[in-house]
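Here's the structure we're looking at; comments come further down.
The values are calculated or read from the model by the stated rules, or taken from the named source; none is laboratory data. Everything numeric here is computed off the predicted structure, so don't read it as measured data. All Cβ positions, even for glycine, are placed from backbone atoms using ideal geometry, and neighbour counts span all protein chains on display.
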Amino acid sequence: MIALNSENRAAIAARHPEIFRPSWRRRSMIVTGLGAAVGVFVFGIVQLDIPLNRLSDGIFMLGGFLRLMLPPDPGSWALALTCLHALGETLSIAFLGTLGGALLAFPASLLAARNVVANRIIHFLARRSLDTVRGVDTLIWALIWVGVVGLGPFAGILALVCSDFGTFGKLFSEAIEAADKKPVEGIQAAGGNHLHGVRFGLLPQVIPILLSQVLYYFESNTRSATIIGIVGAGGIGLQLAEQIRVLEWQKVSFLILLILVAVSAIDWMSSRLRFAIIGRRAIA
Amino acid sequence: MRAAIPELPQARLRELTDHYASAVAEKRRQLWLGSALLVGAVLAAGWMGDVDPWKFSENFWRFPAYFANMVPKFSFTSAWADLSEWFWGLPRWTRLLGDTLLIAYVGTLSGAIGGFVLCFLASANLVRSRTIVFLTRRALEFCRTVPEIVFALIFVLAFGLGPLPGVLALAIHTMGALGKQFAEVVENIDSKPIEGVAASGGSWLQIVRFGAVPQVLSNFASYALLRFEYNVRGAAVMGFVGAGGIGQDLIEAVRKFYFTDVSAILLLIVATIMIIDFITERVRHHLIGLQGAGT
C-alpha cells in the first residue's frame, strides 16, 4: 500500500493519467456557463441603466431611515388600535381568501386531473385556464376587484380567492394525479362506477394532502394580504404605504414588526395543524 | 353437514360494538367541533373583512363586464389592422417586459449569491457557534418575511425611481428565501466528505468548498431557478410602486380605464410567465436528473 504524499504523487499521476488529467470539455462548459451568467448580469445592469454611483448615497440614506425607525412606536393609542384593526382585516383577508380559493379550486382541480376526467380537451382547457389565472398576480386581481366592489378588504378577499384558485387548482390536480390508483381499481372491480371510484378510492387519499397544502398557503397568503392594501384593497398594507409616504419611520417599523409577529404566529399555527393532519394520516 | 361458524360470546360482542360506537361518536364529535370552529372563524373573518354579499350580488355584473370591456374591437375583414391597434404599444411593452425579466434575473442572481454565502453560516452541521447560526437564521427570516414590495416602497425613497430599488428589493427577498432553502439542503448532506476534509487538515473554507459545495450545487441551481420564476411575477408588479418594469404601464392603464391596453399588457405578461415557467421547468428536470445520476 502506498501512502499519498508529495514524493509519490508524481508516480501515481504517471500511472493513472486519466484521473489527473483536467477534463477540458467539462471545464469549458463550466466557464461558458459562468461567462453567460455574468454576461447577462452585466448586460442587465447596463440595459436597465442602473446608476451604481447612487448606490452608496442610497445606502447612506437607508442607514438614516433605519436610525429614525428605532424604536418602533405607533405614536398614539388611537393609531395603535387602527393598526391592530387593519391587522385583523389582513388576517380575515388571508383566511377567507384561502378558504374561498380552496373551495372553488377543488372541483376545477378534479376537471384538470387526468385520472378523473379522461377527456384530453377538457383536461387541456382546464389546465390552461388555471395557468392563466395563476399568471395574473394577486395585486392585479386586487386592482380589478377594487373596480368591482369598491375599496376595502372585501376586494382583497376576492382578489386572493382568484389568485388562489389558480394556484390551488394546479397543486390539487397534481396531488390527485399522483395518487395511488389501486384503491380506485379495487372499487371498480367490486362493481362501483367511476364516481364511486373517485369518492371512495381517490378522495380519502388526497384530502389530507390538500388540507396540508391549504394550511401551508394560509401563511404565504397572510404575507400577500399584507401588501394588497397598497392598491387600496384593505388591510395593513394601506397603513404601511401611507406611513412610508409621509416618512413616519417609527410608525413604519411598528407596522413591520406587527406584520412579522402576525406572520410567524400564523406560520407556527399552520405548521402545528399540518403536522396534526399528516400525523393522523400516518396513524390511520 | 353445515360448517360450524364460530360465534363470539354475546358479552364480548357487545363490548366490541360499544367500543366501535364510542369511537365513531368521538370522531363525529370532533368533526362537529371542527366545523363549528370553522363556521365561527368564517363569520368573524367575514365581519372583520367587510364581506357584504348584498354588495357582491349587486355589483358582480361589473366583473364579467370588466373583461368584456377588455376585449378589443375585432373583425376578420380588418384583422391585421385591429390587431396592430390593440397592441399599438408593442415595441415599448416588449422593451419593458425585457426590463422586467432583467430585473428578475439581476435580482435573483444577486440574492442567490447572498443566500449562497449566508446559507453555510446558517447550517448547524458546518458552524459550531450556536450564536452565529441563530443570528444568520433570524436575519434571513427577516429578509424573507417582509414582502418585497414593502422593501421596494422604502428603497424607492432612498434610491429614487427606476429599476434599482426593484432589483435590490427582489435581491433581499431572494436572499432570505433562498438562504433558508439552501441551509436546509446543506443540513441534509452526507457528513462523510466534510469529516474527510476536516480529518486531512482542511480549513473551514476548504471544508465548505470541497466537502459541502459539490454535494449541493445542482439542488441550489434548481431552487434558484424556481425563485427566478417567482421573481418574474414579482418584477411584473414592481412598477406599481415606481420600481421599474412593465408594472408602471399596467397600473396606469388600469387607473385610466384603458381597457384594451390592460388586456394587451396582461396577455403579454401571462404569455411571458408561461414561457419562463416552461423553460425553467425543463432545466430543473434536467438538473434533478443530473443529481440522480451523480449519487
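Close contacts from the stretch A:177-188, counting a first residue that is under 20 Å from residue A:111 (Cα atoms) and a second that is at pLDDT 85 or above and exposed (fewer than 15 other Cβ atoms within 10 Å of the Cβ), with Cβ to Cβ under 6 Å and a gap of 6+ residues or different chains, come to none at all.
Does the stretch A:88-106 include one or more residues that are of a type outside the set (Asp, Glu), more than 9 Å from chain B (Cβ to nearest Cβ) and farther than 21 Å from residue A:233 by Cβ? Yes, there is a match, as at least one residue in the stretch A:88-106 is of a type outside the set (Asp, Glu), more than 9 Å from chain B (Cβ to nearest Cβ) and farther than 21 Å from residue A:233 by Cβ.
As a summary of the residue check, residue A:109 satisfies the conditions (1) within 11 Å of chain B (Cβ to nearest Cβ); (2) among the hydroxyl-bearing types (Ser, Thr, Tyr); (3) buried (at least 22 other Cβ atoms within 10 Å of the Cβ) except for the one numbered (1). Looking at the structure I just gave you, is residue A:240 part of a helix (DSSP H, G or I), out of contact with any Pro (no Cβ under 6 Å at 6 or more places or on another chain) and under 28 Å from residue B:34 (Cα atoms)? So residue A:240 does not fit the description; no. Kindly provide the set of residues from the stretch B:230-279 that are under 20 Å from residue B:151 (Cα atoms) and not in a helix (DSSP H, G or I), ordered by number. Those that are under 20 Å from residue B:151 (Cα atoms) and not in a helix (DSSP H, G or I): B:242, B:243, B:244, B:245, B:246.
Filtering the stretch A:11-40 down to residues that are part of a helix (DSSP H, G or I) and basic (Lys, Arg), which residue is nearest to the other protein chains (Cβ to nearest Cβ)? Checking each candidate, the answer is A:26. For the structure I just gave you, tell me whether residue A:43 is without any contact (Cβ under 8 Å) to a residue 12 or more places away in the chain, farther than 30 Å from residue A:162 by Cβ, part of a helix (DSSP H, G or I) and out of contact with any Lys or Arg (no Cβ under 7 Å at 6 or more places or on another chain). Yes; evaluated as a whole, the condition is true for this residue.
Out of contact with any Gly (no Cβ under 8 Å at 6 or more places or on another chain) and more than 10 Å from every other protein chain (Cβ to nearest Cβ), is that true of residue B:259? Yes; evaluated as a whole, the condition is true for this residue. Of all residue pairs spaced 6 or more apart or on separate chains, those with beta-carbon atoms under 9 Å, a first member in the stretch A:244-266 that is within 21 Å of residue A:220 (Cα to Cα) and a second member that is among the β-branched types (Val, Ile, Thr) and in a loop (DSSP other than H, G, I, E, B) are A:256/B:146; A:259/B:146; A:260/B:146.
Do the conditions hold for residue B:170, that is, is it farther than 16 Å from residue B:121 by Cα and not in a helix (DSSP H, G or I)? Criteria not met by residue B:170. Per this entry, residue B:225 is not counted among residues that are in a helix (DSSP H, G or I), touching a helix residue (DSSP H, G or I) at 6+ places or on another chain (Cβ under 9 Å) and at the interface with another protein chain (Cβ under 10 Å from one of its Cβ atoms).
One line per residue, one yes/no per condition, for (1) within 16 Å of the chain's Cα centre (by Cα); (2) β-branched (Val, Ile, Thr); (3) crowded, with 18+ Cβ neighbours inside 10 Å:
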| site | (1), (2), (3) |
| --- | --- |
| B:213 | no, yes, no |
| B:223 | yes, no, yes |
| B:261 | no, no, yes |
| B:269 | no, yes, yes |
| B:273 | yes, yes, yes |
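When we screen B:80, B:47, B:54 for residues that are within 30 Å of residue A:235 (Cβ to Cβ), modelled with pLDDT of 80 or more and surrounded by fewer than 11 Cβ atoms within 10 Å (Cβ to Cβ), the only hit is B:54. Any chance you could count how many residues in the stretch B:1-41 are among the hydrophobic types (A, V, I, L, M, F, W, C) and either over 30 Å from residue A:161 (Cα atoms) or in contact with a helix residue (DSSP H, G or I) (Cβ under 7 Å, 6 or more places away or on another chain) (or both)? Summing the residues that are among the hydrophobic types (A, V, I, L, M, F, W, C) and either over 30 Å from residue A:161 (Cα atoms) or in contact with a helix residue (DSSP H, G or I) (Cβ under 7 Å, 6 or more places away or on another chain) (or both) in the stretch B:1-41 gives 13. Could you please find all residues in the stretch B:116-150 being surrounded by 21 or more Cβ atoms within 10 Å (Cβ to Cβ), more than 7 Å from chain A (Cβ to nearest Cβ) and closer than 24 Å to residue A:138 by Cβ? Within the stretch B:116-150, B:140, B:143, B:144, B:148 qualify.
Quick check, is residue A:68 aliphatic (A, V, I, L, M) and touching a residue at least 60 places away in the same chain (Cβ under 8 Å)? Yes: the conditions hold for residue A:68.
Evaluation of residue B:285 against the conditions (1) free of Cβ contacts under 8 Å to residues at least 24 places away in the same chain; (2) outside any helix (DSSP H, G or I) shows that the sole unmet condition is (2). Where in the stretch B:1-94 are the helices (runs of 4 or more DSSP H), entirely inside, with at least 2 residues that are more than 14 Å from every other protein chain (Cβ to nearest Cβ) and within 26 Å of residue A:95 (Cβ to Cβ)? Filter on the stretch B:1-94 gives B:10-48.
Selection over the stretch A:209-230 of residues that are surrounded by fewer than 19 Cβ atoms within 10 Å (Cβ to Cβ) and within 14 Å of chain B (Cβ to nearest Cβ) gives a count of 2.
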